[in-house]
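Reviewing the structure listed below.
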Amino acid sequence: MKRLANLPTAVLLFILLMAITFPFVPLSQYYTHVMIIIFIWGAVTTAWTYMARFGMISLCHGAWMGIPAYTSVLLFNFYHLSPWVGMWLGLLAIAVAAVVVGYACFRFGLTGHYFAVTTLVITELVALVIIAFRDVTGGRLGLTVNPLGTAPLYFQFDSKVPFYFMALALLLLSLYIWRKIDQSKVQKALAAIGEDEVAASSIGINVVRYKTGVAVISALVAGMGGIVYGQYIMYLNPVSLVSIAPSLVIVFMGILGGMLTLWGPMIGAIIMTGLQEYIRVTYGTVLMGWAWVGYGFIIVVIIIFLPKGLYGTLIEGLHKRRMSKAARVSATP
Amino acid sequence: MLILNAVINGIFFGGSLALLAYGLNLCFGVLNIIHFFYGQTVMVGLYIIFTLTVWLHIPLIVSCLVAVAVIAALHIVVHLGVVQPLLKAPLLNQFLALASIMIILENSAMGIWGATYRGVPISLPVLSIGELYIRTSNLIAFLGCLVVVGLLYLFLNKTYTGLAIRAIAQDTEMASLMGMNPRRVYLITLALVGVLAGVVAAFFVPIYAVHPHWGGTFTLMAFVIVVLGGLGSLAGGLLAAFIIGVVMMVASFLTIPEGGPIAAYLIFLVVILLRPQGLLGARVRA
């Protein structure tokens, strides 16, 4: 029995080992690129589920990625400040923004789709402000990082391998934080708040503080994802990184995999990025739009028939089977 | 004088916005769902009118009527396929399902019509009164939208179906105990919402050239107006539409083109935090 219990751990260790050795396998650089993208989106989507699993559907994670990315890149481009320093300023900015937005929303009791629409408006607001200051940010045309070749002190590498490990570390960090939240009393408090806010506050749970806290943590991890993404792609665009579209992509990845489980968001990121890249490479960009149409239909079907997501439904099914098996075993002496 | 021009344009713009916001408001009031792809349906309508008039040389009026019918049909299909199965689901699932329909519509438009701007070339004269310049197309849209708003008011207040819609919006359970069929009312409401979107599209034809991501801004603007005017308040919606229209036009005129939407979103944030029932809304919140 003990050996069986250790099986998942062994599988995880094996996957981790594979992940670490992966960039050294003599495959095309392209696969490393796909893995980096999957890790970044996986981390950001996991960060999104910190809030979403307690009923706070944020549609401003695109903005949370964009604000620190733009901060650090602008500081580098205009003042030649190393992104290693600039990223902390960017993260500070995102923390402040998340505190302000979170506190305002939760203090005034915005829940459910009021919260979702408000965060959506905030995303659009941030994107529009970035577009409006087009002299500095490049507007809709986007912002390119001044290239320096390989300059480790300035967070620039020609090779993909450093980015691969950074993205992997970020993903592991986001999963670790998910576990930490799940095991702490914060989880209990937020679950109670998600069930019934008034009842939760009546037994002494500080609703605003817990919700704002988890919103800030989520925003910080998403912000780190934005910074790594910006330094890796070397190009930021207000429409494809900050606006509604990426925010919805994050939401879809979370739902596709299942937003209530640890690995769900990651599975969603793998499926969506994988499919996207496969279609782009095999059929070219012409079909990309139709691929999105397909995703749209798939998401609708999943929401109607598998509201817990692919991985979430799978895990639940396995759990039920195990439970019924255990019941049968205990019933027969 | 130029600023007066901006104010007048804003008032005209507000007329069309009011019609958009009514559709959203009806949907929210009756079905309690956020119609996330409303602007996108208007976009589809504009594309249909473009295809019929420019590519197939069908008279404009006919193609406008076809567009209204197609959008109403689209709403009925979405209702039967997506909204009805999710009526008892958590609010967020409904929200996200409708957001996916937005993705479907935008990318289908991208696939069919491409990313270029498509417009029907109609040139209407510009009226000039002293130093004021008024585009006839804006004036027609304004008057037309006001007429439709009036018709909508009459429909909701003077017909049995309108009474049923309002009753369901107030209390679904009670209304169904009184012999109204919520399912039928939901279907009629969504079809009506579709007709409104189609009418807006018809009035927008001479004003806008359309591209696949055209709709998003208008959906958000409609939200802003619904929240500012107060949920379920038709008069509030009308007032809010004019306020937002004027604010947007004046702010864009005084600053940069993005200034308008930025001002509107800021108003939205202030209102939803400090006065969530809106300007004229009742003090009730779910």
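The values are calculated or read from the model by the stated rules, or taken from the named source; none is laboratory data. As the structure is a computational prediction, the values presented were derived from the model and not from experiment. Heads up, the Cβs are rebuilt from the backbone with ideal geometry, glycines too, and the neighbour counts pull from every protein chain shown. SASA here: full protein model, heavy atoms, side chains in, ligands and nucleic acids out. Shrake-Rupley method; radii C 1.70, N 1.55, O 1.52, S 1.80 Å.
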Query - Estimated [θ] at 222 nm from DSSP helical runs (n ≥ 4, -39500 (n - 2.57)) normalised by residues in the protein assembly as shown, nearest 500 - result: -25000 deg cm²/dmol
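How much length, in nm to one decimal, is gained on full extension between A:Lys188 and A:Asn206, taken as 0.36 nm per residue of separation minus their Cα-Cα distance? Present the calculation step by step, with values, prior to reporting the outcome.
Working: separation 18, 0.36 × 18 = 6.48 nm, distance 1.24 nm.
Here the segment from A:Lys188 to A:Asn206 would lengthen by 5.2 nm.
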Requested in this report: Indicate the helices, whole DSSP H runs only, in chain A that combine a mean Kyte-Doolittle hydropathy of -0.5 or more with a Cα extent along their long axis of 24 angstrom or more.
Outcome: A:2-21, A:29-52, A:61-79, A:83-107, A:112-132, A:161-183, A:207-233, A:264-283, A:288-305, A:310-331
Requested in this report: Within the range A:147-177, which residues have the backbone N less than 17 Å from the label spot 7 Å out from A:Leu89 along Cα→beta-carbon, could you tell me?
Outcome: A:154-155
Report summary line: Under a Gaussian network model of chain A whose springs join Cα atoms within less than 10 Å, the largest fluctuation of A:Ile304, A:Ile227, A:Ile122 belongs to A:Ile304
Report task. Could you provide, to the nearest whole Å², the per residue accessible area of the range A:33-115 with probe 1.4 Å? Result -> 29 Å²
Query raised in the report: Ignoring ligands, DNA and RNA, how much accessible area is buried between chains A and B, both sides summed, with a 1.4 Å probe, to the nearest 100 Å²?
Result: 3600 Å²
**Report entry** Alpha carbon centroid spacing (whole Å) that separates the range A:172-215 from the range A:102-117
**Finding:** 15 Å
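Report the extension gain between B:Met1 and B:Phe155 in nm, rounded to one decimal, defined as 0.36 nm multiplied by the number of residues separating them, less their alpha carbon distance.
Values: separation 154, 0.36 × 154 = 55.44 nm, distance 3.97 nm.
Computed gain between B:Met1 and B:Phe155 is 51.5 nm.
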Report summary line: Percent relative contact order for chain B, counting Cα pairs under 8 Å at least six residues apart, stands at 36 percent
Report task. Using only C-alpha atoms and all pairs of different ones, pull out the Kirkwood radius for the protein assembly as shown in Å with one decimal. Result -> 26.0 Å
Query raised in the report: Using 19 Å as the cut-off for backbone N distance, which residues of the range B:135-172 belong to the label zone defined by a point 7 Å from the Cα of B:Met178 along Cα→Cβ?
Result: B:153-172
Query - Relative contact order (%) - the range A:2-331, alpha-carbon pairs under 8 angstrom, separation at least six - result: 30 percent
Report summary line: Which of A:Gln183, A:Gln231, A:Gln156 fluctuates most in a GNM of chain A (C-alpha springs under 10 Å)? That residue is A:Gln183
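Which whole-number percent is the relative contact order of the range B:1-106 (Cα, under 8 Å, 6+ apart)? Walk me through the numbers before you get to the answer.
Numbers: 54 pairs, mean separation 31.7, N = 106.
With pairs under 8 Å counted, the relative contact order is 30 percent.
Under a Cβ-Cβ cut-off of 13 Å, what is the net charge of the residues other than B:Ala167 that fall near it, where Lys and Arg count +1 and Asp and Glu count -1?
On the way: positive: B:Arg166, B:Arg184; negative: B:Asp171, B:Glu173.
Here the charged neighbours net out to 0.
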**Report entry** Percent of alpha-carbon pairs separated by more than 33 Å within the range A:2-331
**Finding:** 28 percent
Report summary line: Two pseudo-spin positions, 7 Å from Cα along C-beta at A:Phe78 and at B:Trp55, lie apart in nanometres by 4.5 nm
